[in-house]
Amino acid sequence: MQLETTWVRELPGTYASVTLAVPSAPRLVAFNGPLADALGLDADVVRANASDWLSGAGLPPGASPIAQAYAGHQFGGLSPQLGDGRAALLGEWVDASGRRWDVALKGSGRTPFSRGGDGKAALGPMLREWVIGEALTALGVPASRALAVVATGDPVLRERRLQGAVLTRVASSHLRVGTLEYYALRGGLVQLHRLVGYALARHHPEARGASPALALLTAVRDAQAALVAQWMAVGFVHGVLNTDNVTLSGESIDFGPCAFVERHDPATVFSSIDTQGRYAYGNQPSITQWNLARLASALLPVIDDDDDVAVAAAREIVGGWGEVFEARMREAWARKLGVTVSDVGCIDGFLALLHAHRPDHTLAFRGLGAALREDRSVWARAGLAGPDVDAWYAAWRPVVTATRAVADAAAILDAVNPAVIARNHRVEGALASASAGDFGPVERLVAALQSPYDAALLDTELADPAPDGFTEGYQTFCGT
Ligand code: AMP
Ligand code: MG
């Protein structure tokens, strides 16, 4: 596991070198063998060394831990100084296909950016990052993933005394909108230019534009549009879309208060601190455009020396969000319904059913394949039935079976609409068991979530919606 450190070498002035907190009794509690394999790491070697290399006790070869500086707009207000307060980038791993991945620890102790925080993380939230990263990845949604979780043996004081843990997070990078905001705020033109060049080369090498900054802005817009459309399709609510949690790569990161919707409802909010519903399920597209405008502002000084020229060019790109996002969203809905984007009636009709009936989002889509086979049991479980459903079905069925046999059409639908997602009551139950020392439930949950389309899982309790009343009272927290 020989790490590289291009960030340290190429981006001086954008980080602080840090010393990691040494855990008193590190114990590996979760190891992501499939991820290690996918990255071309020697899984046996990494696993054998994980409680040392991936806990703060020691370091993997080549590592040079740093805390990255960033700012961020949090719930609409500017926080000029955030940064990695409890995380450290160890270095980068380059896989067999030449892709570069950040390998970072979370919960590894205080840094110059910790402000009043303790730099620590608790076991439950770190396991949650593992579960959600695997769930999204298996659904084809770009997301950071946990390579390992190591319990530290040290307590973490929150409202209660909790077990401490360190997460090893693998991401395309941790470059955020807030990274650029930080240097824009300080007039750090040199760092801004370097960061733009680095981000383009690493994430969007094919991007083109009148300037590198405009190329980056366009590429981030397009990547975020694709990402948010996928979130909407699977019913994912990120929960805290502050600009410091929005990546330039277009990958989902920071799984604190995130959760999946049960009943389809645009107003769904789980986060305890999101009292205004700013980051509600249905607000994610518009709030991402707002975040993109913050990126555009940060980039202005490196877009053009003439302010008016820079603003006009940036405005045009940010203004294009609606069209780009809508195109990605239509493609995603069309795919889930087995139709093409031009089958507007089918798409709008089904979305209208979701709004009118508020069925279970996941089972409403999964029930499409069964419905084609004249089996409405999944839709019944979703709470989707009625004359309007029958009417929509009668119009949709000939469209989706026009060019293929019913069995083939149903199989295609089953292959794109998951039978299981990381349902909140299952996640909470599994994490509670793990915190009490039994890791079986969370291991089984993660294993099941690796094959979310598997029809056999439909017959298990993992596919069941949360019991009545659970979702209404369900709150998530920022993992601090
Ligand atoms: P998050 O809500 O995890 O995205 O974190 C927002 C900001 O708070 C980031 O700058 C974090 O580094 C910082 N932060 C969160 N928890 C802690 C902690 N326990 N100690 C120090 N900094 C923290
Ligand atoms: Mg964050």
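The values are calculated or read from the model by the stated rules, or taken from the named source; none is laboratory data. For clarity, every value in this text was computed on a predicted model and none was experimentally measured. Here the Cβ positions follow ideal geometry from the backbone for every residue, glycine too, while neighbour counts run over all protein chains shown. Note: accessible area is taken over every heavy atom of the protein model, side chains too, but ligands, DNA and RNA are not part of it. Shrake-Rupley method; radii C 1.70, N 1.55, O 1.52, S 1.80 Å.
Identify the residue in segment 71-120 that is more than 18 Å from Leu54 (Cα to Cα) and acidic (Asp, Glu) and, among all such residues, is farthest from ligand 1 (Cβ to nearest atom).
Asp95
Taken over segment 375-406, the residue count meeting the criterion of being under 10 Å from Gly338 (Cβ atoms) and either outside any helix (DSSP H, G or I) or modelled with pLDDT under 95 (or both) is 2. Is it the case, given these coordinates, that Glu331 is surrounded by fewer than 16 Cβ atoms within 10 Å (Cβ to Cβ), within 22 Å of the chain's Cα centre (by Cα) and either of a type outside the set (D, E, K, R) or at pLDDT 95 or above (or both)? Against the criterion (surrounded by fewer than 16 Cβ atoms within 10 Å (Cβ to Cβ), within 22 Å of the chain's Cα centre (by Cα) and either of a type outside the set (D, E, K, R) or at pLDDT 95 or above (or both)), Glu331 qualifies.
Of the residues making up segment 16-37, those that are surrounded by 14 or more Cβ atoms within 10 Å (Cβ to Cβ) and either closer than 25 Å to Leu82 by Cα or among the acidic types (Asp, Glu) (or both) number 6. Just one of the listed residues (Ala455, Ala466, Ala448) is in contact with a Leu (Cβ under 9 Å, 6 or more places away or on another chain) and away from ligand 2 (no atom under 16 Å from the Cβ), namely Ala448.
Considering segment 341-374, the residues that are part of a loop (DSSP other than H, G, I, E, B) and open to solvent by 60 Å² or more (accessible area, probe 1.4 Å) include one that is nearest to Val406 (Cα to Cα), namely Arg373. Report, ordered by the first and then the second residue, all pairs with beta carbons closer than 9 Å, sequence separation of six or more or different chains, a first member in segment 82-97 that is within 11 Å of Gly117 (Cβ to Cβ) and modelled with pLDDT of 95 or more, and a second member that is near ligand 1 (Cβ under 6 Å from one of its atoms) and among the β-branched types (Val, Ile, Thr). Note: pairs meeting the criteria are Arg86/Thr480. Among the residues making up segment 280-309, those that are polar (S, T, N, Q), farther than 13 Å from Gly239 by Cβ and touching a residue at least 40 places away in the same chain (Cβ under 8 Å) are Thr288, Asn291, Ser297.
Take Arg176 and decide whether it is touching a Ser or Thr at 6+ places or on another chain (Cβ under 7 Å) and of a type in the set (Lys, Arg).
yes
Just one of Ala419, Ala409, Ala415 is of a type in the set (A, V, I, L, M, F, W, C), in a helix (DSSP H, G or I) and open to solvent by less than 30 Å² (accessible area, probe 1.4 Å); which is it? Sole residue among the options that is of a type in the set (A, V, I, L, M, F, W, C), in a helix (DSSP H, G or I) and open to solvent by less than 30 Å² (accessible area, probe 1.4 Å): Ala409. Of the helices (runs of 4 or more DSSP H) entirely within segment 119-226, those holding at least 2 residues that are touching a residue at least 12 places away in the same chain (Cβ under 8 Å), β-branched (Val, Ile, Thr) and open to solvent by less than 50 Å² (accessible area, probe 1.4 Å) occupy 123-138, 177-185.
Take the conditions (1) within 16 Å of ligand 1 (Cβ to nearest atom); (2) surrounded by fewer than 23 Cβ atoms within 10 Å (Cβ to Cβ); Gly62 misses just one of them, which is (1).
Search segment 234-258 for residues being on the phi > 0 side of the Ramachandran plot and open to solvent by less than 10 Å² (accessible area, probe 1.4 Å), and hand back the single one that is nearest to ligand 2 (Cβ to nearest atom).
Ranking the qualifying residues of segment 234-258, first place goes to Gly239.
For the condition at negative phi and either more than 15 Å from ligand 1 (Cβ to nearest atom) or part of a helix (DSSP H, G or I) (or both), Asp52 qualifies. Within segment 280-301, can you find the residues that are more than 16 Å from ligand 2 (Cβ to nearest atom) and open to solvent by 10 Å² or more (accessible area, probe 1.4 Å)? Matches in segment 280-301: Gly282, Asn283, Pro285, Ser286, Gln289, Trp290, Ala293, Ser297, Leu300, Pro301.
Taking the conditions exactly as written (surrounded by 14 or more Cβ atoms within 10 Å (Cβ to Cβ), in contact with a helix residue (DSSP H, G or I) (Cβ under 7 Å, 6 or more places away or on another chain) and either in a loop (DSSP other than H, G, I, E, B) or polar (S, T, N, Q) (or both)), does Gly13 satisfy them or not? For Gly13, the condition - surrounded by 14 or more Cβ atoms within 10 Å (Cβ to Cβ), in contact with a helix residue (DSSP H, G or I) (Cβ under 7 Å, 6 or more places away or on another chain) and either in a loop (DSSP other than H, G, I, E, B) or polar (S, T, N, Q) (or both) - is not met. Hey, does segment 261-271 have a residue that's surrounded by fewer than 20 Cβ atoms within 10 Å (Cβ to Cβ) and on the phi > 0 side of the Ramachandran plot? No: zero hits. Set side by side, the residues Ala138, Ala143 differ, and just one is under 29 Å from Ala432 (Cα atoms), within 16 Å of ligand 2 (Cβ to nearest atom) and within 22 Å of the chain's Cα centre (by Cα), which is Ala143. Considering segment 245-340, the qualifying helices (runs of 4 or more DSSP H), each wholly inside and each with 2 or more residues that are of a type in the set (Ser, Thr, Tyr) and over 22 Å from Arg358 (Cα atoms), run over 284-303.
For (1) of a type in the set (D, E, K, R); (2) within 10 Å of the chain's Cα centre (by Cα); (3) at pLDDT below 95, each residue gets a yes or a no:
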| residue | (1), (2), (3) |
| --- | --- |
| Ala210 | no, no, yes |
| Arg221 | yes, no, no |
| Cys258 | no, yes, no |
| Ala267 | no, no, no |
| Asp274 | yes, no, no |
| Ala280 | no, no, no |
| Gln284 | no, no, no |
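Within the option set Gly116, Gly133, Gly107, Gly124, being modelled with pLDDT under 95 and under 25 Å from Gly153 (Cβ atoms) holds for one residue only, Gly116.
Within segment 212-233, restricting attention to residues that are farther than 16 Å from Gly320 by Cα and not hydrophobic (A, V, I, L, M, F, W, C), the residue that is nearest to ligand 2 (Cβ to nearest atom) is Gln230.
Condition check for Gly277 on (1) closer than 30 Å to Leu413 by Cα; (2) surrounded by fewer than 21 Cβ atoms within 10 Å (Cβ to Cβ); (3) free of Cβ contacts under 8 Å to residues at least 40 places away in the same chain: one failure, at (1).
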